[in-house]
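Scroll down for the structure; my scribbles are underneath it.
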Amino acid sequence: MNTLKTTFLLAMLTVLLVMAGGALGGQSGMLMALVFAGVMNFVSYWFSDKIVLKMYRAKEVTESESPEFHSLVRQLTVQAGLPMPKVYIIPSDTPNAFATGRNPEHAAVAATSGILRILSREELMGVMAHELSHVKHRDILISTIAATVAGAITYLAHMAQWAAIFGGGRDRDEGGGGMLGLLVMAIVAPLAALLIQMAISRSREFEADKGGAAMSGNPLYLANALRKLESANRQLPMQEATPASAHMFIVNPLRGGGLASLFSTHPPMEERVKRLEEMASGHRF
């Protein structure tokens, strides 16, 4: 069901992108929007892992440099039947973690020095199992495509704003949406793209929680870790984190509450913990 939902939402993002291009430039605008998205997705597919790891100054560590962390990741990959990913440590006191890579054969898991310091082995196992579940189900690629297409829509919306200000917009006879189409695109499209991206990300997070709980053998490992991480990230948000990459982390690394939390790419922490506790009690998600 979640896979079907994700496919539908990705299709909706693509339709929205084409509509945005059409409002900005008619049929030629639609074609340009698709080409633009294709180029961005090509770059994301091949280089997004290297970009995000470099962004957070992640350092690849060998088994001799971090034997306990390596051993834990290796144990989980053997249990899950996955190739051993590259292992990175991010020099940050904020406890968090993410996985990246276009497929299981080219994956990497990264943990901050802060998370390695505050979590027990069982809790860290729950976190890494969550990240490896993302790897197993290729969620990183799905989230990257969603973020890229949403970014393209937002970029087109900015172009539409300037076009509307300076009296742009194609006439209806030329296949464009005219001034009204530009205004609607500029206002509605970015919000719609954000909501769709958020829905995709939240759906995949719930699935990774479920898969990680099963992989680690005890849903409470992850539930306990999430409580600690949520509290620590509220007290010490990650200064280097950006909205474009925040969806990759196991908990939101950005400070935000109230209305901002409604637009978070992460599900409410209370709901995540509740589902894991129900899973531990013998209930299904």
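The values are calculated or read from the model by the stated rules, or taken from the named source; none is laboratory data. The structure displayed is predicted, hence computed values, not measured ones. Using ideal geometry, Cβ is built from the backbone for each residue, glycine included, and neighbour counts are taken over all protein chains shown.
Across region 70-111, the qualifying residues are those that are of a type in the set (A, V, I, L, M, F, W, C) and without any contact (Cβ under 8 Å) to a residue 12 or more places away in the chain, and the one among them that is surrounded by the most Cβ atoms within 10 Å (Cβ to Cβ) is 84.
In region 202-226, the residues that are at positive phi never reach a residue that is of a type in the set (Gly, Ala, Ser) and assigned to a helix (DSSP H, G or I) with C-beta atoms less than 7 angstrom apart, at least six apart or across chains.
Which residue is surrounded by the most Cβ atoms within 10 Å (Cβ to Cβ), if the candidates are limited to region 264-280 and must be outside any helix (DSSP H, G or I) and not polar (S, T, N, Q)? Break it down into steps so the answer makes sense when it comes.
Let us first name the residues in region 264-280 that are outside any helix (DSSP H, G or I), namely 264-268.
Now narrow it down to the ones that are not polar (S, T, N, Q): 266-268.
Values: 266: 20, 267: 18, 268: 13.
Restricting to residues being outside any helix (DSSP H, G or I) and not polar (S, T, N, Q), the top hit is 266.
Suppose the filter is under 20 Å from residue 250 (Cα atoms) and not β-branched (Val, Ile, Thr); does residue 33 pass it? No, not satisfied. Of all the residues in region 125-143, those that are modelled with pLDDT of 95 or more and surrounded by fewer than 24 Cβ atoms within 10 Å (Cβ to Cβ) number 1.
Of all residues in region 43-65, those that are within 16 Å of residue 99 (Cβ to Cβ) have Cβ atoms under 8 Å from Cβ atoms of residues that are among the charged types (D, E, K, R) and not in a strand (DSSP E or B), 6 or more apart or on another chain, in 45/102; 48/102; 49/102; 55/240; 56/240. Answer yes or no as to whether residue 146 is assigned to a helix (DSSP H, G or I), modelled with pLDDT under 95 and in contact with a His (Cβ under 9 Å, 6 or more places away or on another chain). Yes. Filtered by the rule that a residue be touching a helix residue (DSSP H, G or I) at 6+ places or on another chain (Cβ under 6 Å) and assigned to a helix (DSSP H, G or I), region 37-71 gives 37, 40, 41, 44, 48.
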